[in-house]
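Everything below concerns the one structure shown next.
Each reported figure results from applying straightforward, stated rules to the coordinates on display, with no laboratory input. Model, not experiment: these values are computed from the prediction. For neighbour counting, all protein chains shown are included, and Cβ atoms are generated from backbone atoms with ideal geometry for every residue, glycine included.
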Amino acid sequence: MAENVMASTVAGETHFVMVAGFDFRAVLPDPPALGSFAAESDLVAVRQVQAWRTPEQVAWAKLVEKDHVFNYASLIGPWFTAERLPRLAAFFARVGEDLKVLDRAAKLPFLRARPTTVDPSLQPCVTLPASTSYPSGSAMQAWVWGELLADIFPFRREEILERAERVAWGRVIGGVHFPSDVVGGKRLAMVYLAEAWKNSGFQVGVEESRAELMGVALENIK
């Protein structure tokens, strides 16, 4: 109940789910306890990723730091733009507003320190967020976007979900998340989607987005 009360204090405006109803401790395991073997393993992973990251990986981490759903144009096609797909853009904007609220609420029961707090010698190659670390909101967003786009445009399903995985891992490359944060973000994405699909407005948004996208896709095949 305490988690639900805390969630309600940061819930804000949502469209497709009732964030105050989420019991985050029921849907997410606790992150590794500081000083535990699992926590040390998490930290070793971040250290090694930093030691071995390439210029290309750094560029990727910086690109996806402020990722946008229309960056999937690299997989779907150059016509995949907000200008040509206004209904899809509006729907994903509403989903994004939900995810921001969910991210803030989900972090409150855990309050996990970022990797740089645990090991100040770490040097992130992206901006260090002011929020706590678990679960990763960026990973949650990547997986919600990926799953939705794969459903709306199944012709590129495998590539879309692969990109979602890479976006989520980009936060570990960036040095601002532990691997378990990313796994927690993915789990939270699936929880969000399971609840959102119960909402008729969400269902309509998906169907309208699919119809709009397929119409524009067919125009560009001709």
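Where the only charges are on Cβ atoms (+1 Lys, Arg; -1 Asp, Glu), what is the dipole of region 75-222 about its Cα centre, to the nearest 20 debye?
Values: 18 positive and 17 negative charges, 57 e Å.
Approximately 280 debye in magnitude.
Under a GNM of the chain (C-alpha, springs under 10 Å), which listed residue has the highest mean-square fluctuation: Pro32, Pro154, Pro55?
Pro55
Which longest run of the chain has no exposed loop site in it, a site being GluC sites (Glu not before Pro) in a DSSP loop with at most 14 other beta carbons within 10 Å, and the site itself not part of the run? All intermediate terms of the calculation are to be shown ahead of the outcome.
Working: sites that count: Glu13, Glu83.
Answer from the scan: 84-222.
What's the long-distance tail for region 1-133, i.e. % of Cα pairs beyond 26 Å?
On the way: 3805 of 8778 pairs.
Pairs farther apart than 26 Å: 43 percent.
May I ask for log10 I(q)/I(0) of the chain at q = 0.09, 0.14, 0.15 Å⁻¹, from a Debye sum over the Cα atoms as equal point scatterers with solvent left out?
For the chain, the Cα-only Debye profile gives -0.38, -0.88, -0.99.
Between Gln57, Gln48, Gln123, find the one with the highest GNM mean-square fluctuation for the chain; connect C-alpha pairs within less than 10 Å.
Gln48
Go ahead and set up a Gaussian network model of the chain, Cα springs under 10 Å, then flag whichever of Gly170, Gly137, Gly77 fluctuates most.
Gly77
Two decimals is fine: what is log10 I(q)/I(0) at q = 0.17 Å⁻¹ for region 151-222, from a Debye sum with one equal scatterer on every Cα and no solvent?
-0.84
Any lysines with Cα under 20 Å of the Lys198 Cα? List them, leaving off those in the same chain fewer than 8 positions away.
Lys100, Lys186
In whole Å, how far is the Cα centre of region 195-215 from that of region 144-163?
14 Å
How large are Rg and Dmax for region 85-197 when only the alpha carbon atoms are used, in Å?
14.5, 45
Would you mind ranking Trp60, Trp143, Trp52 by Cβ crowding within 10 Å, fewest neighbours first?
Details: Trp60 18, Trp143 25, Trp52 9.
With the sparsest Cβ surroundings first, the list reads Trp52, Trp60, Trp143.
What is the angle, in °, between the Cα long axis of helix 200-221 and the longest principal axis of the Cα atoms in the chain? Nearest 10 is fine, range 0 to 90.
Computed tilt is about 60 degrees.
Report, as a whole number in µm² per second, the diffusion coefficient that Stokes-Einstein gives for region 131-172 at 20 °C and 1.002 mPa s using the Kirkwood radius over alpha carbon pairs. Mind dumping the intermediate values first?
Numbers: Rh = 10.4 Å.
My calculation gives 205 µm²/s for D.
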